[in-house]
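See below for the structure under consideration.
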Amino acid sequence: MKKIIITGATSGIGRELAIQFAEKGYKVGLIGRRTERLEQLAGEIGENAYYRTLDVTDFETATVMYNGLAKEMGGMDIMILNAGTGRSKVLPVWESDQITIQLNVVAFAHGADFAFNYFRKHNAGKGQIVGMSSIASHLVSGMAAAYTASKHFISNYMTGLRQKVNRLGLDIIITDVKPGYVESELTANNKNMIWVSTTKKAVRQMVKGIEKGKKR
């Protein structure tokens with residue numbers, strides 16, 4: 001039975017990823033900030049669900065939590081770095097940008113580094129790291145400069161990590177997922193969205209690509 005850890009698992013894409021992988025027989029480790037939602041999701045999934053309440057920007061605690069969750073599950077084969085945020089229209093611009101950069105960039109890089117070292121140490125250099133980027137990684141936005149830049153970072157970081165894996169001769173798959181518009185709490189108030197996918201449909205396509213070991 002394969003074991004997968006998903007950050008940002010309390011809503012949207014992360015929640016649906018957990019459900020669909022569990023339906024395929026995976027053990028799923030759920031990471032999120034909202035305990036009630038984690039408990040509810042774990043209850044829906046059943047005995048193959050494990051969870052930790054965590055703010056992934058607390059890096060020292062995150063390292064301990066990731067290790068503890070993987071140990072409880074009996075290992076980790078895949079880590080999906082899904083936790084992220086978009087531009088807030090309520091907060092001042094810099095405050096919103098700071099949160100976006102800390103979560104989408106720094107916490108993402110920390111999680112990727114943890115997964116890389118975990119697979120190298122515990123799995124004989126074998127595993128899969130999945131980063132949740134966006135079609136926004138190909139765009140620039142005057143309305144959400146920090147958000148689009150953060151997605152540029154994720155995709156470029158994963159390309160570099162893939163090159164590092166190849167150079168070291170490791171068997172770690174690096175998968176860069178770039179969703180377009182997907183129904184979620186994050187996009188609920190977005191206007192003028194085009195080609196919008198349901199969460200279930202989008203995640204079904206993601207799961208298929210992840211299981212095939214696609215690069216992108």
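Below are the figures for this structure:
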quantity	calculated
Percentage relative contact order, the chain, counting C-alpha pairs under 8 Å, at least six apart	19
Per principal axis, descending, Cα span of region 98-150 in whole Å	44, 21, 9
Heavy-atom surface of the chain, accessible at 1.4 Å and reported per residue (Å²)	52
Region 1-98: equivalent-ellipsoid semi-axes (sqrt of 5 x gyration tensor eigenvalues, Cα, Å)	25, 15, 11
Two-site label geometry, Leu168 and Arg34: point separation in nm, points 7 Å out along Cα→Cβ	3.6
Stretch gain in nm, segment His122-Lys214, where the contour uses 0.36 nm per residue and the Cα spacing is subtracted	30.8 nm
Region 4-56: radius of gyration and largest Cα-Cα distance (Dmax), Å	9.4, 28
Other-chain or far-sequence residues with amide H under 5 Å of Asn48's (modelled H)	none
Span from the region 42-119 Cα centroid across to the region 159-182 one, whole angstrom	18
Taking all pairs of distinct alpha-carbon atoms in region 21-166, Kirkwood radius in angstrom	16.3
HN-Hα J in Hz across region 39-54 - Karplus 6.51, -1.76, 1.60, θ = phi - 60°, x for Gly and Pro	4, 5, 5, 4, x, 5, 6, x, 5, 8, 10, 9, 8, 9, 7, 7
Rounded percent of accessible protein surface that carbon and sulfur make up, the chain, 1.4 Å probe	51
Accessible heavy-atom area order of Phe114, Phe21, highest first, probe of 1.4 Å	Phe114, Phe21
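The values are calculated or read from the model by the stated rules, or taken from the named source; none is laboratory data. All values derive from a computational prediction rather than experimental measurement. When we count neighbours, we look across all protein chains shown, and the Cβ atoms used for this are built from the backbone with ideal geometry, even at glycine. Just so you know, the surface numbers come from the protein's heavy atoms only, side chains and all, with ligands and any DNA or RNA stripped out. Shrake-Rupley method; radii C 1.70, N 1.55, O 1.52, S 1.80 Å.
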